[in-house]
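Below is one structure, written out as structure tokens; comments come after it.
The values are calculated or read from the model by the stated rules, or taken from the named source; none is laboratory data. Quick caveat, the model's predicted, so the values are computed rather than measured. So basically every Cβ, Gly included, is an ideal-geometry build from the backbone, and we count neighbours across all protein chains shown.
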Amino acid sequence: MSIKKSNVAGLFYPSNSEGIKQVIYDYKLNDYYNIEYKAKLVIAPHAGYRYSGFGAYLSLKHLSGKNIFIIAPAHKMYVDNLAIPDYDYFQIPNANIPVNKEIAKKIIDKYAIEFNNNAFNDEHSIEVQLPLISNLKDDFNIIPILVGNCNYNIVYEIINDYYNEQDVSFIISSDLSHFLTNANAIKIDNITARLIETNLFKDFHNHQACNINSIRAAVKFAALNKFSFIRLFLQNSYTVTKDKDNVVGYGSWFLYEGDTNSYIKKYHSDLIKKICFDSILNNGKSAPQNYPCVLNQYGACFVTLEKRGELRGCIGSIAPCRPLIDDLIANSYSSAYADPRFKQVDKNELDDLDIKISLLSKYHEINFVSEDELLEKIEPFKDGLIISDLGKRAVYLPSVWEQIPNKKLFLQSLKQKAGFKSDHFSTTFKAYKFYTEYI
């Protein structure tokens, strides 16, 4: 029986099980939004727990399955392609974590690589995940993989081959930017986060994170399956060290088998409504002290106010240009106090207002050569519609279908809203559709 000895216990995390349990207990106390969702893939940081342990915990607590791929970067030794060890166990304080050697051997055979224990001897990027998992799961084993100089598509193939296997899950172990100034780290890490959250796997560059090929592979998998990454944590070492000149970034996400807006609606609708109401009540200057990190993902929304069934204000964004929480706060305030069609809402009206929020998907251009072809491609009660021509633009949310269920009348009305005649059409006329999650 061969055991990979622990080499960072007492350095990156507590040296005994009691200390680890105390850390987990503290993390649970600070977990303000404990969402019960089990994911088959997460991205987790691997620095010392004082820097990123809470972020790792927030993603690992969502992890399903008992056969866990931990795909991590090789920091200590050059690795050409991938490295998999021939160890039977990985040691942590008071426990030995078994390696699933059957799956490991299949990976070895498929990609014609050799067992390589040396790459793991002084490596921390896999070990630091194990104490957290062992306190979150009663029974699991691991398939440890170190990623070196390889094409990201190899990692994608591994994820794609095993994702649908029962009891299999994945940890992409990665820290973000390294040794930048605080200002530059924040800038680069926010760019990385947006690429992850919008599934733009082709746009990463090699210096954004220390395991960028594995992140890129996971994002490609998400894109091709129309899944979404939900942000759980994003900060850097400055929050701990106060050193502005040598900053390392950390982020964590889990893979959601759906789109981000549907996740937000399912798990955070009550909070969304409270944020919007508080913005109106406090003149757009209010945000919760603690809120889920997913609301920092870029998003677009419309906020509609109704009083006794009559429209009282409606302002929104058609494209994500800022964090969703900022969009909610700003559009709620503007709906109440800056919609030019209505006088400002009086505080005495608040009890009579209904707040309705539409979370918008990315919009896509509709290709057509005639108005009849455009009408064929519009789906009533599902599609929101944007039209533009000659410098004018107008938008209807899908909820407008309730008032105008006929496609031709819907389009004519939208043209009139934009300032055109109802029969307007030209070779430069453009239309775009989108979907909404309605709260």
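Among the criteria (1) more than 18 Å from Lys362 (Cβ to Cβ); (2) touching a residue at least 40 places away in the same chain (Cβ under 8 Å); (3) part of a loop (DSSP other than H, G, I, E, B); (4) not acidic (Asp, Glu), the one Ile318 does not fulfil is (1). From the list Leu353, Leu360, the one residue that fits, being within 21 Å of Leu305 (Cα to Cα) and modelled with pLDDT under 95, is Leu353. Those strands (runs of 3 or more DSSP E) of the stretch 68-170 in which 1 or more residues are farther than 20 Å from Ile20 by Cα occupy 141-147. If you go through the stretch 343-369 and pick out every residue that is over 26 Å from the mean Cα position of the chain (by Cα) and either within 13 Å of Lys430 (Cα to Cα) or surrounded by fewer than 17 Cβ atoms within 10 Å (Cβ to Cβ) (or both), you end up with 14. Across the stretch 139-150, a minimum of one residue is classified as surrounded by 16 or more Cβ atoms within 10 Å (Cβ to Cβ), touching a Leu at 6+ places or on another chain (Cβ under 8 Å) and among the small types (Gly, Ala, Ser). Out of the stretch 28-61, which residues are under 14 Å from Val240 (Cβ atoms) and not in a loop (DSSP other than H, G, I, E, B)? Correct list: Tyr49, Arg50, Tyr51, Ser52, Gly53, Phe54, Gly55.
You will find that of Lys226, Lys266, Lys242, Lys220, the residue that is within 22 Å of Ala72 (Cα to Cα) and at pLDDT 95 or above is Lys220 and no other.
Of all residues in the stretch 29-42, one or more are surrounded by 14 or more Cβ atoms within 10 Å (Cβ to Cβ), aromatic (Phe, Trp, Tyr) and out of contact with any helix residue (DSSP H, G or I) (no Cβ under 7 Å at 6 or more places or on another chain).
The listed residues are Tyr156, Tyr163, and the only one of them that is of a type outside the set (D, E, K, R), surrounded by fewer than 19 Cβ atoms within 10 Å (Cβ to Cβ), at pLDDT 95 or above and farther than 20 Å from Ala9 by Cα turns out to be Tyr163. Evaluate the following for Lys4: is it exposed (fewer than 12 other Cβ atoms within 10 Å of the Cβ) and at pLDDT 95 or above? No; evaluated as a whole, the condition is false for this residue. One residue stands out in the stretch 226-274 among those that are part of a helix (DSSP H, G or I) and in contact with a Pro (Cβ under 9 Å, 6 or more places away or on another chain): the one that is surrounded by the fewest Cβ atoms within 10 Å (Cβ to Cβ), namely Lys274.
Summed over the stretch 370-400, residues that are of a type outside the set (D, E, K, R), surrounded by fewer than 19 Cβ atoms within 10 Å (Cβ to Cβ) and not in a loop (DSSP other than H, G, I, E, B) total 5.
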